[in-house]
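Coordinate-derived values only; no laboratory data. Every value quoted in this text rests on a predicted model; they were computed, and no experiment measured them. So basically every Cβ, Gly included, is an ideal-geometry build from the backbone, and we count neighbours across all protein chains shown.
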Amino acid sequence: MIKPRGRRIGLIRLSAIGDVCHAVATVQALQRHAPEDDITWIIGRTEAALVSDLPGITFIVFDKKQGLTAFKNVLNSITEPFDVLLHMQVSLRANILAAVVPAKTKLGFPKHLSKELHGFVVNRRVPMPETPHVLEGFQHFAYALGVPPFTPIWSIPISKADQTWVRERLTTHQPYVVIAPSASNSERNWLVDRYAALANYLQAQGYAVVLTASPAQSEVALAQQITAIAGSDIINLAGQTNLKQLLAVVADASLVVAPDSGTAHMAVTQNTPVIGLYAHSNPQRTGPYQFQSLTIDAYHRNLQRLFANSAKPTPWGTRLKGAHLMKDIALSEVIAKVDEVLTGTPLRSDLNN
């Protein structure tokens, strides 16, 4: 049976892991609403390793390390103009890419959420609330294409090989809690001694503790410091997993504890409870979407202190700076949330309550 031709839809969301996870929910809502549409996603090389096996989607990988060649490779991969381009990123690199990708209609963010010349490369802006969560902003791109309001759900494949890799290492340690201590910016990491104390507390409650991180030297070193200070039998997988294996790790976890990081949002796609540790970015905008009630929010405490004397409202996307800000998250706050999840009423998702 020949698939009826629908719209040719292009999508630009190059990075980062968390935002790509948000975008998956919108893309899969589009697929459910109009399966005849042909969707092509232009995505970063690292992020493609997580989602490029999503069924029914053509992926074009944009490798920023290639410089101008990356733009040429994308254009050479597009056989005909898109009917509509969903331009879901406001970085300068993404905006330059959107400017050269051929499309009849280019949908972008409204003015209050635009930057880096975004408005010059789109010809239609998507209406959105003044203060949306990133995922909610992405949802409005789907609404602009006729998709009715939807609750985000995810279906990201995990191969049997990746599941087996994880279970061979963790099956005997069930149940376990994942601590993913590293954010993309090190000043957003919680304190090493508090991570270690949390690990010891979790083990005292009968849970194994698994540390995860990218292969970056600084992240591996942080995990090693936590293990050394804790002095307990932590399972350190830092630098040892690819993104699919990491997804399998968080899928089987009882809980994930993490600062503002991609791992936190990967856990959301698996409906694994996440305690987010936030002091620099607004968790109402970028926090683990389905588990907002579990977030430790030092951001608004810091925001109030830093801008108490300002007559102007702070922009929705304001990021705070300072290596000291994470000190405002007390160990006792995190343990209280841990107890809420592990010993309280079973919780899998705010959206399911």
To test your reading of the geometry: what angle, between 0 and 90 degrees and rounded to tens, separates the Cα axis of helix 160-170 from the longest principal axis of the chain? 10 degrees
I'd like to compare 277-290, 97-110, 151-164: which one has the highest average count of other Cβ atoms within 10 Å, and what's the full order after that? 277-290, 97-110, 151-164
Under the Kirkwood approximation for Rh and a Cα-based Rg, what ratio Rg/Rh is obtained for the chain? 0.97
The base-10 log of I(q)/I(0) that the Debye equation returns for segment 253-340 at q = 0.12, 0.13, 0.18, 0.20 Å⁻¹, one scatterer per C-alpha, is -0.36, -0.42, -0.76, -0.91
Taking the Cα atoms only, what angle lies between the long axis of helix 134-144 and the longest principal axis of the chain, rounded to 10 degrees? 30 degrees
Would you mind pulling out the separation of the Cα centroids of segment 210-285 and segment 3-79, in Å? 26 Å
Förster radius 30 Å - calculated FRET efficiency between Lys111 and Ser52, Cβ distance, rounded to 0.05: 0.35
Going by average Cβ neighbours within 10 Å, how do the peptides 177-185, 294-302, 121-129 rank, with the highest at the top? 177-185, 294-302, 121-129
Describe numerically, in nm with one decimal, the distance between label points set 7 Å from Cα along Cα→Cβ at Asp38 and at Glu187. 4.7 nm
Checked segment 160-352 against the a/c 1.5 cut and the a/b vs b/c comparison, axes a ≥ b ≥ c from its Cα gyration tensor; verdict prolate
Which translational diffusion coefficient, to the nearest whole µm²/s, is obtained for segment 215-274 from the Stokes-Einstein equation, given a Kirkwood hydrodynamic radius over C-alpha pairs, 4 °C and 1.567 mPa s? 105 µm²/s
May I ask you to derive the relative contact order of the chain, considering only C-alpha pairs under 8 Å and at least 6 residues apart, and to give it as an integer percent? 14 percent
A correct Karplus calculation of ³J(HN,Hα) over segment 4-11, with 6.51 cos²θ - 1.76 cosθ + 1.60, θ = phi - 60°, whole Hz and x for Gly and Pro, returns x, 6, x, 7, 8, 10, x, 9
If you place +1 on the Cβ of every Lys and Arg, -1 on the Cβ of every Asp and Glu, and leave all else neutral, what size is the dipole of the chain about its Cα centre, to the nearest 20 Debye? 1080 debye
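Per residue of the chain, what 222 nm ellipticity follows from adding -39500 (n - 2.57) for every DSSP H run with n ≥ 4, rounded to the nearest 500?
About -11500 deg cm²/dmol.
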Rounded to the nearest 10 degrees, what's the angle between the helix 331-342 long axis and the longest principal axis of the chain, both from Cα atoms, 0 to 90? 70 degrees
Within a 10 angstrom radius of the beta carbon, how do His265, His140 rank from fewest other beta carbons to most? His140, His265
Please work out how much length the chain gains when fully extended from Arg93 to Trp316, using 0.36 nm per residue of separation minus the C-alpha to C-alpha distance, in nm with one decimal. 78.1 nm
Do me a favour and compute the ellipsoid semi-axes for segment 8-144 from its Cα gyration tensor, root of five times each eigenvalue, largest one first, whole Å. 20, 18, 15
Where does the charge balance sit around Val334 when Lys and Arg score +1, Asp and Glu -1, over other residues with C-beta under 14 Å from its C-beta? -3
For Asn236 and Gln217, extending 7 Å from Cα along the Cα-Cβ vector and measuring point to point gives, in nm, a value of 1.7 nm
